[in-house]
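A short write-up of the structure that comes next.
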Amino acid sequence: MPLETRREFTQHALQSLTALALIEGLGVRRLFGAETQPIVDRWFKELETISREIHDHRVKDLEFQKQLEALYQRVDLPALLKTLDFDRMAAGVTYPAHGAKSLPVDFKNVSGLSTSQVFGRQIFAMSQGRSVIPHGHDNMATGFLVLKGNLRGRHYDRLEDHKDHYIVRPTVDRTFTPGEYSTVSDHKDNVHWFTAASDHAFIFNIHVMETNPENPNKPGRVYVDPIGEKLAGGLIKAPKITYGKANQMYG
């Protein structure tokens, strides 16, 4: 079964030491700008609060999705983008031939934020035609926020799990522009696939593990072929595939 373990997920998320050095060199306050720092501080503290609530199973994942979308909606993205050094960041990124580059983000300097956050975070950077490859999630909740560029974003509800395939239903297929967002959980829009439609695109991502106590599977990604086989009622039989095959086919 092409299920990505927690260790493999972390390895893919932290694949670029060069990018890590770049992000750490920028620092959070330079990344977001001193004039907007109080806003950013409050925003991340609220992100930590809602992430901990779902991680501790005080809210259901569908409620978390609503809360995260409301939080993403309140981001003053124009103000952030004016102080986010995209030119310098992009200059340090070696865009892969397939897939997206995962850039780790360190928010240890955000005022009042716990040093033991329950949410992981990264920035995906990709060139035109490259993708955050199609994948679903087990026992996770995640959210994308487009920072720059345009992307074609596709989501699918995961309806049935079988030995070698999933039954999925398309739910979203549209262009996402800066400031727009989407979320994922075990119960809604579980599979997603984002492809850069502009020269370059950047997505901010957060993810929380162990969000669904009813799911016996370990937290991680599951890679699928969402083109698959069309079934009646608009459903798709989506084969389970490996990370390597997904990256080769759709990266």
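The values are calculated or read from the model by the stated rules, or taken from the named source; none is laboratory data. Remember, predicted model here, so these are calculated numbers, not experimental data. Here the Cβ is made from the backbone with ideal geometry for all residues, glycine too, and neighbour counts use every protein chain on show.
Numbers for the structure displayed
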item	result
Some residue of segment 43-54 being at pLDDT below 55 and not aliphatic (A, V, I, L, M)	no
ASN150 being at pLDDT 95 or above and touching a Lys or Arg at 6+ places or on another chain (Cβ under 9 Å)	no
ASP164 surrounded by fewer than 17 Cβ atoms within 10 Å (Cβ to Cβ) and within 24 Å of LEU103 (Cβ to Cβ)	no
Residue list for segment 205-251, filter: in contact (Cβ under 8 Å) with a residue 12 or more places away in the chain, among the acidic types (Asp, Glu) and over 21 Å from LYS60 (Cβ atoms)	ASP225
Some residue of segment 103-112 being in a strand (DSSP E or B) and at pLDDT below 95	yes
Residue within segment 188-206 that is farther than 30 Å from ASP76 by Cβ and either touching a helix residue (DSSP H, G or I) at 6+ places or on another chain (Cβ under 7 Å) or among the hydroxyl-bearing types (Ser, Thr, Tyr) (or both) present	no
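Every residue, every condition in (1) within 17 Å of TYR250 (Cα to Cα); (2) within 18 Å of the chain's Cα centre (by Cα); (3) of a type in the set (Phe, Trp, Tyr); (4) not in a strand (DSSP E or B), yes or no:
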site: GLU160; (1), (2), (3), (4): no, no, no, no
site: LYS163; (1), (2), (3), (4): no, no, no, yes
site: VAL172; (1), (2), (3), (4): no, yes, no, no
site: THR175; (1), (2), (3), (4): no, yes, no, no
site: GLY179; (1), (2), (3), (4): no, yes, no, yes
site: HIS187; (1), (2), (3), (4): no, yes, no, yes
site: PHE194; (1), (2), (3), (4): yes, yes, yes, no
